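Below is one structure, written out as structure tokens; the observations come after it.
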Amino acid sequence: MNIEQAIKQTSPFTLTIFGITGDLSGRMLLPALYNLALQDLLPESLRIVGITRRSYTVDKLLGRIKKTIVEEGGAYDEAVLENLGKRIELVTMDLTNIDGYIKLRQRLDAIEGEIEVCANRLFYMAIPAQLFDDVVGYLGDSGLNRSCPHGTGQSRLLVEKPFGYDLDSAQTLVKRMRTHFEERQIYRIDHFLTKETAQNILTFRFKNALFKSVWDKHCISRILISATEALDIEGRANFYEQTGALRDMIQGHVLQILALITMDMPDVFTSKAIHEKKRALLVAVEPAAYERATRGQYNGYRTEVKNPDSYIETYAALRLSIANDRWKGVPILLRTGKALTKKTTDIKVIFTDHDEPKFDNILTIRLVPNEGVSLHLRAKKPGFDDVMQDVSMDFYYSNSFAGIRQPTAYERVLVDAFRGDQTLFATSEEVLANWRIIEPLLVAWGKDDSKGLESYAKGSWGPIVAAWDCDKYQKPGK
Ligand code: BG6
């Protein structure tokens, strides 16, 4: 069954968006809904209920969608937008009072009366994290955690990070959500997992015989995962002062990628089996050690956030170990940072021949830019002499899949939530395992103020001590 048929055959849906007039909805979610409508990938009887605290109109929303589509050079179709508009209605309510939820429930019941069928109910939390607790609680108290009165549909919750602030708060959040929703109802978004190149990791590793047999400590001497950004914090001072690079990027995105790169092969490629292998891997990762981590802050950050004493890290690099048979003794290096030389998200897997340790075969999986995979090899240079030269074998999405449009992260998130596929979402166990890995650093870095905080120039590669890009990576001896 192709994706169009699969979506057509999903049960009817109501999609309730908390925060429909906010930034995330305007930039990502609504354009994604438009793009899905354009490709005829919305469930047939989908109705969208937008929750807002201010008075707003559907026309204004459509205007914002049009602006985004046009600015991004997408295919604009007036009729598609108009039809999307017909599916949307707005409800003004106060998120901190149960009355609104009761009215919302009555409205959703009424919609299902109109379409004469029990729908699945999808709730999208495009709201600040501080409101999660209230909204989840009221959804439960008003019975919106269950579907229609006949109980044949399912209520699903789509949530954005942050999933907590540290291990303790994440445990509380998980417990609180579990009071009202079962794990199979919760879709925790990690947009890195929706990137095509991230999805390709399991295919690459497990569907190519060549790599399956060499993917362990016997052949691989290091793994480096890098998620560097050229952009600085872009004025998000409040958010960043409470977050920092470790929470913002390592806790979710980078550790999820690490799990995909190092997990064992599942017996079957179902969501449950994949998540079980990811969980098993993440619990085997040893908690990060202070002596094996580096943090930095770009020059000018303190002025930007108007906090001369800020010790929030805009750069984090750490070396982890995995205590299992496959990876024992293989250093795993992670780094991320803002205001660095350029944006790159990639994974380098270093194959070392113990008889020839001076040369490494480096396998690079690029998520951004130039999506694809390259293998760094040694070849004999043509000529009479026996001279060797390093060469590269490359796969680029732009060549091999030319002309194929990649769905955006939010298109993927919505389609998977409609069809009930949780593979690309983070489970509560993964989230907690990730917090456990970084917890010692959160504690240490939170306590000792700016001790050990390195400063770096904007546009550089970050603190010199952690300069470990593949050609000249530091020997991990710290
Ligand atoms: C977000 C972080 O989750 O991911 C941002 O909050 C970061 O700080 C962004 O810039 C990076 O995502 P991408 O897809 O641009 O690499």
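The values are calculated or read from the model by the stated rules, or taken from the named source; none is laboratory data. Owing to the predicted nature of the structure, the values given are computational and were not obtained by experimental measurement. Using ideal geometry, Cβ is built from the backbone for each residue, glycine included, and neighbour counts are taken over all protein chains shown.
Report, by residue number, each residue of the stretch 1-19 that is free of Cβ contacts under 8 Å to residues at least 12 places away in the same chain and under 19 Å from E112 (Cβ atoms). Write out each step before concluding.
Of the stretch 1-19, the ones free of Cβ contacts under 8 Å to residues at least 12 places away in the same chain are 1-2, 5, 9.
Hit for the stretch 1-19 is Q9, nothing else.
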Could you figure out which of (1) within 26 Å of L108 (Cβ to Cβ); (2) within 16 Å of the ligand (Cβ to nearest atom) isn't true of V135?
(2)
Count of residues meeting criterion [within 11 Å of the ligand (Cβ to nearest atom), within 17 Å of A259 (Cβ to Cβ) and surrounded by fewer than 21 Cβ atoms within 10 Å (Cβ to Cβ)] in the stretch 326-344:
0
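Report, by residue number, each residue of the stretch 259-280 that is outside any loop (DSSP other than H, G, I, E, B), among the aliphatic types (A, V, I, L, M) and crowded, with 18+ Cβ neighbours inside 10 Å.
Start the filter on the stretch 259-280 by keeping residues that are outside any loop (DSSP other than H, G, I, E, B), which leaves 259-262, 271-280.
Still in the running and among the aliphatic types (A, V, I, L, M): 259-261, 273-274, 280.
Of everything in the stretch 259-280, those that are outside any loop (DSSP other than H, G, I, E, B), among the aliphatic types (A, V, I, L, M) and crowded, with 18+ Cβ neighbours inside 10 Å turn out to be A259, L260, I261, I274.
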From the options K343, K380, residue that is basic (K, R) and within 30 Å of L246 (Cβ to Cβ)
K343
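So which of V305, V283 ends up being more than 16 Å from the chain's Cα centre (by Cα), touching a residue at least 24 places away in the same chain (Cβ under 8 Å) and under 17 Å from A426 (Cβ atoms)?
Working: V305 fails: under 17 Å from A426 (Cβ atoms).
Of V305, V283, the one residue that is more than 16 Å from the chain's Cα centre (by Cα), touching a residue at least 24 places away in the same chain (Cβ under 8 Å) and under 17 Å from A426 (Cβ atoms) is V283.
Take G85 and tell me if it is surrounded by 14 or more Cβ atoms within 10 Å (Cβ to Cβ) and assigned to a helix (DSSP H, G or I).
Details: surrounded by 14 or more Cβ atoms within 10 Å (Cβ to Cβ): yes; assigned to a helix (DSSP H, G or I): yes.
Yes, satisfied.
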Provide a single number: the residues in the stretch 345-367 that are surrounded by 20 or more Cβ atoms within 10 Å (Cβ to Cβ), away from the ligand (no atom under 16 Å from the Cβ) and over 15 Å from F211 (Cβ atoms).
1
Being within 16 Å of the ligand (Cβ to nearest atom), over 25 Å from H275 (Cα atoms) and modelled with pLDDT under 95 is the filter here, so list the residues in the stretch 185-236 that pass it.
E234, G235, R236
Just to be sure, is S155 over 26 Å from S11 (Cα atoms) and either away from the ligand (no atom under 16 Å from the Cβ) or not β-branched (V, I, T) (or both)?
no
Please work out which one of (1) at pLDDT below 90; (2) touching a Lys or Arg at 6+ places or on another chain (Cβ under 6 Å) is the condition N2 fails and give its number.
(2)
Scan the stretch 442-468 for residues that are part of a helix (DSSP H, G or I) and either in contact with a helix residue (DSSP H, G or I) (Cβ under 6 Å, 6 or more places away or on another chain) or without any contact (Cβ under 8 Å) to a residue 24 or more places away in the chain (or both) and jot them down.
V443, A444, G446, K447, I464
For the stretch 48-63, which residues satisfy the criterion of being within 21 Å of E78 (Cβ to Cβ) and crowded, with 17+ Cβ neighbours inside 10 Å?
I48, G50, V58, L61, L62
For T21, work out the one condition from (1) more than 20 Å from D416 (Cα to Cα); (2) in contact with a Gly (Cβ under 8 Å, 6 or more places away or on another chain); (3) part of a helix (DSSP H, G or I) it doesn't fulfil.
(3)
